[in-house]
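Please treat every number below as a calculation from the coordinates, not as lab data. Quick caveat, the model's predicted, so the values are computed rather than measured. Quick reminder, even Gly has a Cβ in these numbers, built from the backbone with ideal geometry, and neighbours come from all protein chains shown.
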Amino acid sequence: MTGGLSVMTEPEPLQQVDRVYVKYRGRKLLYFSGCDYFRLASHPSVLEAMRIGAKAYGLNVAASRLTTGNHKLYAQLEAALAKFFGAPAAILVPTGYLSDLVAAQALAGTCTHALLDDAAHPALQDAASLLGARVVPFRSRDPKALAQAVNRCGARAKVLVLTDGMFARDGSVAPLEEYLKVLPQSGRILVDDAHGAGVLGGNGRGSLEHTGASRERVIQTITLSKAFGVYGGAILGGRDLRRRVIERSRQFVGSTPLPLPLVCAALASVRLHAAGSQMRKRLQENAGYLKDILRSAGISIPDFPGPIVYILPRGAAQSRHLRSALLAGGIFPPFLRYPGGPPSGYFRFVISSEHARAHLNAVAAAVLGMARR
């Protein structure tokens, strides 16, 4: 451990060679990692929009939006995102990670206590430190634990809950509607929906839509680098929040905004999502198919809505066997140590809408072979 953080090493390079494969150590392998859930990063319409944008606008405005960098395309993308997610307003930030930090700078001074899910993404942990509030952790995805934390804060407390929407470690979802029930009327939620946005809900609006939570007291931050396949982030909330970002967030004021070709690509991606009920259906069907195969063979798979299959080997020998079986089956082994997950690491298979049944069957065969040992 160094400074409270696990020592990390840089992994070997991977090269994505098409929508569901990577090149690893000279081999072309099936890819069940990353979070490009719909493989829009390689979608022809998204790539063509980026190409046209680069030719028309160049790469970079080279200035803050509050000086000379406020191109009209930014407002167009913000309007498209607000419409898609059903939010009063949206504001773009350079990355998804920064969306939490910028939101926190805008909200600083508005709460006395930051109630932080104890498995929250590091971006939310960093955001909590910017609020100027006492940070109170509570047990992950537990409304009773949240209610107890609220009570400990006292009757005069102004609380802000910080939580992931969909947790990337396992595809579980925060019970946002239940959280709202235990919060005082002045309480609000900052939900990092990097993994839920575009994936969850009948219209792809994320964890709020999935859980039925009202947007009135919820601030939703998203990334455009996962389900949307592009880059950048956004904060979705009220117009007053948007104004506070502009007035109070030094990270927003001092940052160069997204490169314009990526804005064009993101606009194309939002259009695909707006018409994309079929790709969301394929994603859920693929995830359900693999989970059902594994469950029918006696493997315990939690009933979480995210398109993620979490496999925790019983020990180092079983882990080595699964890695070898995956490589033998032409699959890149998605072993990782993820914040909030087991310290020893685990296999996280991220399903996409573009995987074929044969690809899913290959994963199932490798996992079932491990389970029999």
³J(HN,Hα), Karplus 6.51/-1.76/1.60, whole Hz, each residue of region 358-364, x for Gly, Pro: 4, 5, 5, 4, 5, 4, 4
Starting from the Cα gyration tensor of the chain, take the square roots of the eigenvalues, sort them a ≥ b ≥ c, and report rounded, prolate or oblate (rounded when a/c is under 1.5, otherwise prolate if a/b is larger than b/c, else oblate). oblate
What number, in percent, do you get for the relative contact order of region 40-173 if the mean sequence gap of Cα pairs under 8 Å and at least 6 apart is divided by its residue count? 18
Of all C-alpha pairs within region 128-284, those more than 19 angstrom apart amount in percent to 59
Long-range amide H partners of Val17, meaning residues 5 or more apart or on another chain whose placed amide H is closer than 5 Å, are Val22, Lys23
Between the alpha-carbon centers of region 57-121 and region 202-230, tell me the distance in whole angstrom. 14
Counting Lys and Arg as +1 and Asp and Glu as -1, what is the net charge of the other residues whose Cβ lies under 14 Å from the Cβ of Gln76? +3
How much of the DSSP beta bridge set in the chain is antiparallel, as a percent to the nearest 5? 55
What is the spin-label model distance, in nm, from Ala358 to Gln76 if the labels are put 7 Å beyond Cα along the C-beta direction? 4.0
Work out Dmax and Rg for region 1-157 from the C-alpha atoms and quote the Rg first, both in angstrom. 21.0, 62
Mean ellipticity per residue at 222 nm, deg cm²/dmol - from DSSP H runs of n ≥ 4 across the chain, formula -39500 (n - 2.57): -12000 deg cm²/dmol
Order these peptides, 14-20, 254-260, by their mean beta-carbon neighbour count within 10 angstrom, highest first. 254-260, 14-20
Out of all DSSP beta bridges in region 4-156, what portion is antiparallel? Express it as a percent rounded to 5. 60
What are the ³J(HN,Hα) couplings of region 159-172, residue after residue, when phi is run through the Karplus curve with 6.51, -1.76, 1.60 and θ = phi - 60°? Round to Hz, x for glycine and proline. 10, 10, 8, 10, 8, 5, x, 9, 7, 5, 5, 8, x, 6
Candidate aspartates and glutamates - alpha carbon under 13 Å from Lys23, same-chain residues fewer than 8 apart omitted: Glu12
Stretched fully, the stretch from Arg295 through Ser344 gains (0.36 nm per residue minus C-alpha distance, one decimal, in nm) 15.3 nm
Let me have the relative contact order for region 146-192, percent, based on Cα pairs under 8 Å that are six or more residues apart. 47
Sort 263-274, 26-37, 212-223 for me by packing, meaning the mean count of neighbouring Cβ atoms within 10 Å per residue, highest on top. 263-274, 212-223, 26-37
What percent does the relative contact order of the chain come to when contacts are Cα pairs within less than 8 Å and at least six residues apart? 23
What lysines sit close enough to Lys281 to cross-link, taking a C-alpha to C-alpha distance under 19 Å and skipping anything fewer than 8 places away on the same chain? Lys226, Lys291
Alpha carbon convex hull of region 87-155, projected area averaged over orientations, nm²: 5.4
Residue by residue through region 234-243, which ³J(HN,Hα) values in whole Hz follow from phi under the Karplus form 6.51 cos²θ - 1.76 cosθ + 1.60 (θ = phi - 60°), with glycine and proline marked x? 7, 10, 10, x, x, 5, 5, 5, 4, 4
Antiparallel versus total DSSP beta bridges in region 163-320: what percent is that, nearest 5? 45
Search the structure for amide H atoms under 5 Å from the amide H of Asp164, placed 1.01 Å from N in the peptide plane, and list their residues when 5 or more places away or on another chain. His121, Asp192
Charge dipole (debye, nearest 20) of the chain; +1 at Cβ of Lys and Arg, -1 at Cβ of Asp and Glu: 240
Which translational diffusion coefficient, to the nearest whole µm²/s, is obtained for region 330-373 from the Stokes-Einstein equation, given a Kirkwood hydrodynamic radius over C-alpha pairs, 10 °C and 1.306 mPa s? 133
Mean Cβ count within 10 Å, highest first, over the residues of peptides 106-117, 293-304: 106-117, 293-304
